[in-house]
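Structure, as structure tokens:
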Amino acid sequence: MKRFYEEAKAVRTDQGWGIALDGRPVKTPARAALAVPAEQLGYGIAAEWNGQAEEIDPLSMPLTGLANAAIDRIAPDPASFAAELARYGEADLFCYRADSPAELAKRQSEAWDPLLDWAMQRYDIGFETTTAIVHRPQPDETVARLQAAVEAYDAFHLAPLSPLVQLGGSLVGALALAEGAFEEDEVWEATRLDEAWQETHWGEDEEAIAARDTKRREFAAAMRFLRLLDAS
């Protein structure tokens with residue numbers, strides 16, 4: 001789509017902070033008002049619209065995309081969305097360890113144990129870890145409390161939480177980021193530890209590098225959305 005406006009602005013509305021293009025309100029794909037609850041997030045979305053060239057590129061507007069998802073996909077039934085996302089807690093990446101080589105097992109323990117320890121203290125739960133490739137069920141109470149933690153978030157927090165979980169394969173890591181318990185780079189590196197090990201020992205091709213870089217940008221965009229959403 002060609003750029004059809006001169007300027008985008010974040011404007012205060014009854015629904016929060018909306019986006020106006022030359023004074024006209026922006027709508028989501030489902031024709032709802034594109035409005036977010038945080039001023040800084042509204043400014044961030046407006047900046048994406050102002051940053052467009054002659055043609056609008058939706059892939060360069062991740063904040064807008066996440067806001068659309070929150071409004072159109074999640075808000076109508078946040079409980080169902082949260083329950084589906086919480087299922088990642090039943091098979092969290094950090095619970096599946098290598099038994100060899102010893103150096104990889106050591107790196108996993110150093111990177112993953114602090115995150116599991118944080119979750120155990122934060123939610124008063126325990127985890128079952130394994131070196132087998134088959135599914136290892138987690139305690140019912142662990143699953144229930146992790147689900148309750150996810151369900152406590154509103155649609156605008158669930159929207160960025162979803163890519164953090166799916167890109168990293170860890171609900172624990174995503175919750176740690178959402179609560180500000182760990183740094184973004186620390187959790188990102190933890191979630192791709194196995195990939196980094198393979199790259200070090202077997203190399204990487206251009207396609208794999210491109211895929212990794214795309215995932216990293218999406219991960220960073222989700223974190224930026226959260227930071228702007230929670231900015232005072």
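Just so you know, all these numbers are worked out from the coordinates, no wet-lab data involved. Just so it is clear, the model here is predicted, and its values are computed rather than measured. A quick note on method: Cβ atoms are made from the backbone with ideal geometry, for glycine too, and the neighbour counts reach across all protein chains shown.
Results, tabulated for the structure shown:
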read-out	value
Phi-based couplings in Hz for the stretch 93-101 (Karplus 6.51, -1.76, 1.60; Gly and Pro marked x)	3, 5, 8, 10, 10, 8, 9, 7, x
Rounded to whole Hz, the Karplus (6.51, -1.76, 1.60) HN-Hα couplings of the stretch 137-151, x for glycine and proline	x, 8, x, 4, 5, 4, 4, 5, 6, 5, 5, 4, 5, 5, 5
Burial ordering of Trp49, Trp118, fewest other beta-carbon atoms within 10 Å first	Trp118, Trp49
The chain: radius of gyration over Cα atoms, expressed as a fraction of 2.2 N^0.38 Å	1.13
Cα gyration tensor of the stretch 186-229 - equivalent ellipsoid semi-axes, whole Å, descending	24, 13, 4
Amide H contacts of Val11 (H built 1.01 Å from N, under 5 Å, at least 5 apart or other chain)	Gly18, Ile19, Ala20
